[in-house]
1. Could you tell me which of V243, H387, I144 has its Cα farthest along the dipole of the chain towards the positive end, charges placed at Cβ (Lys, Arg +1; Asp, Glu -1), taken about the Cα centre?
2. At a 1.4 Å probe, what is the % contribution of carbon and sulfur to the accessible area of segment 62-150?
3. Where in segment 133-213 are there GluC sites (Glu not before Pro) that are in a DSSP coil and have at most 15 other Cβ atoms within 10 angstrom of their Cβ?
4. Between L502 and A188, what is the FRET efficiency for a Förster distance of 25 Å, r being their Cβ-Cβ separation, to the nearest 0.05?
5. What is the Cα radius of gyration of segment 450-516 over 2.2 N^0.38 Å, N being its residue count?
6. Work out the charge dipole of segment 232-345 with +1 on the Cβ of Lys and Arg and -1 on the Cβ of Asp and Glu about the Cα centre, then indicate which of V234, T325, L288 is farthest towards its positive end.
7. With the other protein chains left in place, how much accessible area per residue, in square angstrom, belongs to the chain at a 1.4 angstrom probe?
8. Using unit Cβ charges (K, R positive; D, E negative) and no other charged atoms, how large, in debye to the nearest 20, is the dipole of segment 308-351 about its Cα centre?
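The values are calculated or read from the model by the stated rules, or taken from the named source; none is laboratory data. All values reported here derive from a predicted model rather than from experimental measurement. Here the Cβ is made from the backbone with ideal geometry for all residues, glycine too, and neighbour counts use every protein chain on show. These accessible areas exclude ligands, DNA and RNA; they are computed on the full protein's heavy atoms, side chains included. Shrake-Rupley method; radii C 1.70, N 1.55, O 1.52, S 1.80 Å.
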Amino acid sequence: MTSPREATDHVRRQHKETLAALPFHESDEASERGLVARWTGGPITAADGRVVWDVDAYAFLEGEAPDTVNPSLWRHSRQVSRQGLYEVRPGIHQVRGLDIANITFIEGERGVIVVDPLVSVECAAAALRLYREHCGDKPVTGVILTHSHIDHFGGIRGVVSDEDVAAGVPVIAPSGFLEHAVGENVFAGTAMARRAAYMFGAALERGPRGQVGAGIGQTNSTGQVSLIPPTVLVGETGEEHVVDGVRLVFQMTPDSEAPSEFHFYLPDLKALCIAENSNHAMHNLLTLRGALVRDAHAWAGYLTETIETWGREAEVAFGGHHWPTFGNEAIREHLALQRDMYAYLHDQTLRRLNQGYTGTEIAEDFPMPPALEQNWANRGYYGTVSHNVKAIYQRYMGWYDGNPARLWQHPPVEQGRRFVRDMGGADVVVAKARAAYEEGDFRWATTLLDHVIFAEPDHEAARELQADTFEQLGYLAESGPWRNVYLAGTHELRHGSFGTPLSSAGADIIRALSAEQIFAALAIRIDGPRCWSDHLRLDVEFTGTGERYRLTLRNGVLTHSARPQPDRAQANLRLPAPAVLAGLLLGGSAAPEDLAAAGGEIDGDPGVLARLVSVLDAPDPGFAIVTPE
Ligand SMILES: [Zn+2]
């Protein structure tokens, strides 16, 4: 087995240029300001003893950057990996570095309000323990979820229980929160999770030749993911709420970094929570795991609104990732730079697009204004100029770039075969790739080798050289996710597939799905060609809520309707709740005993349900990425 390689001379030269180009003389101590205490409890473990967060995994991030890591990414990861309890402002604390995100504690009159309780229950509970150790054993009197991403709500059961919430502890979230929090798992969840493993480098060793961080945080924790539905939904900008004596004023920012998100301001503390719309890195307009493209134009507009609303008075700004910005002037400057960055990306991409340039062309020649370029918080540690520009192009124009030569190209295997054949055979192409590699043209080497691997998946020399090439590209990358996806490609070529190490679809998430979302999840599992000629009609009643639906399978399509239907169904299914249906059908069983055990019953033709289950296809959480299969 091949172990990681040295950085080539080409990579070393690039790093030298980076060191000369960026203001490395500036202090990187902002992330340490306000430190109260480190977490000294060692690895955080699940009930079964499994480590879900290793707080010491990144202790190697000290001193000068090694040749195998982009020095800018090294500097950033060193800051992001710092951990402990920090005072943001008297009355506001954060625990950072105990998960990919921050958890924030705001002191109330009777207890403490928790903002964004991390990915995992275990990590959120550990953070709360650390807070209580130093700030007093206060009860949790409220929870605020700034947006619908899992790293901001998954650990909620580590800080409150169902009983607490039933007894009146509010869970406050932006409108649309629940639908989006669970919805992301419905449609493309499997593919996103597989690709997320590339993006976050979950299977990679931590170290100078492996994973050094993920830009927005170090990596995801791997504990229990939970969800308690919000009890207070905020829907209007300017809405004010008082929780445990603390005044909160909200600004809605839907369809920015997340589909459902808000900022809030604490007028009595002059503190601004900016959620995840302003960070100490360029964020993603389209994450490499895959997602809908975010709206850079709206995002920039919200930041302008924030600056104009609270920019003259806020004394500290904090968010769900990275460290706070201290001081009114610094906040205004920071928010304005972030705003300018997203607006510049958006506007200049559109300008060039209207001159006929394609996404790839625009991304290749996209100098940022020097003031943005030289600002550490605007560097592409998470998103990059390259893939964000392509994302903006995609949002407005889609995958087709207008050139008919690229309208109907062969897919990778067919293209690879023809390419290799017409270039003179696989060995010739690999030799050309080796020459490109030696010259430091890794981008061309990787294209050549991709064709060989898709034409001849067993070509050892091509696979080895592709692994080496990805590795050098990883060493070059300033973005954590870019480094991770390249090194993940290297890892899989050298050691085989790591599949999908983490899955986010826990029981709480399934329970929170609406009937409509579950029907949608079923519909995308239907193996169309296998049931083109079926025509099934099934009525489903959820006895818990009294909701009734007609499911119809026709032409390989499963549709649903809540309206009364003119014709009779072939069968009637009664179940306690939508989640039971998800458990049965997505679990692949509608056997009478399973149905009865789940509290369900069916009359009419039970064969209808059995047929429906039989044509459900399963997603593949281990699909091939860098090889054809
Ligand atoms: Zn986040």
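1. Most positive-ward Cα: H387.
2. With neighbouring chains kept in place, the figure for segment 62-150 is 42 percent.
3. In loop regions of segment 133-213 (DSSP not H, G, I, E or B), the sparsely surrounded GluC sites (Glu not before Pro) are E205.
4. So the FRET efficiency works out to roughly 0.95.
5. 1.59
6. Highest projection toward the positive end goes to L288.
7. 42 Å²
8. Dipole of segment 308-351, to the nearest 20 debye: 160 debye.
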